[in-house]
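The block underneath contains the structure these notes are about, expressed in structure tokens.
The values are calculated or read from the model by the stated rules, or taken from the named source; none is laboratory data. If you're wondering where the values come from, they're calculated on a predicted model, not measured in any experiment. Cβ coordinates were reconstructed from backbone atoms using ideal geometry, including for glycine residues, and neighbour counts include every protein chain displayed.
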Amino acid sequence: MCVSKSYRQKGIGTFFLLLALKRLLDINEKVACRFLVTDAKKDAVYFYKKKNFKVLRERKKGTIAMYFDAIGIINLVKKRRQPLSVQDIK
């Protein structure tokens, strides 16, 4: 995913990231899937860090390998799909 410099700061990158997260959640319904991984260009690292991506390593080709662990969101979705319990109401 890459957003042209002239279209940045308009929510497009965030939209596509949320779309990828939605796909991850759909896939997770059938098989275990909890990480989003990207090869970020150096000028996109700040964007991904704001979205809680962590750096894996810098690659020789100049990109930065980064990942997002979606386990917290996965657990929240699973919890919300179950009927409300007394603990949820308190």
Of residues in segment 59-72 being outside any loop (DSSP other than H, G, I, E, B) and aliphatic (A, V, I, L, M), the one nearest to L17 (Cα to Cα) = M66
Identify all residues within segment 73-84 that are among the hydrophobic types (A, V, I, L, M, F, W, C) and loosely packed, with under 10 Cβ neighbours inside 10 Å; write none if there are none.
-> L84
On the given criteria, is L18 in contact (Cβ under 8 Å) with a residue 12 or more places away in the chain, within 26 Å of R81 (Cβ to Cβ) and either surrounded by 11 or more Cβ atoms within 10 Å (Cβ to Cβ) or not hydrophobic (A, V, I, L, M, F, W, C) (or both)?
-> no
Reported set for segment 62-72 where residues are at pLDDT 90 or above, of a type outside the set (D, E, K, R) and surrounded by fewer than 17 Cβ atoms within 10 Å (Cβ to Cβ) is T63, A65, Y67, I71, G72
Of the residues in segment 27-58 that are in contact with a strand residue (DSSP E or B) (Cβ under 6 Å, 6 or more places away or on another chain) and part of a helix (DSSP H, G or I), the one that is surrounded by the most Cβ atoms within 10 Å (Cβ to Cβ) is Y48
Considering (1) assigned to a helix (DSSP H, G or I); (2) among the aliphatic types (A, V, I, L, M); (3) at pLDDT below 90, say which one M1 fails and leave the rest.
-> (1)
Flag for R59 being over 20 Å from K5 (Cβ atoms), within 14 Å of the chain's Cα centre (by Cα) and modelled with pLDDT under 95 = no
Name the residues in segment 55-73 that are closer than 19 Å to R34 by Cβ and out of contact with any helix residue (DSSP H, G or I) (no Cβ under 9 Å at 6 or more places or on another chain), would you?
-> L56, A65, Y67, D69, I71, G72
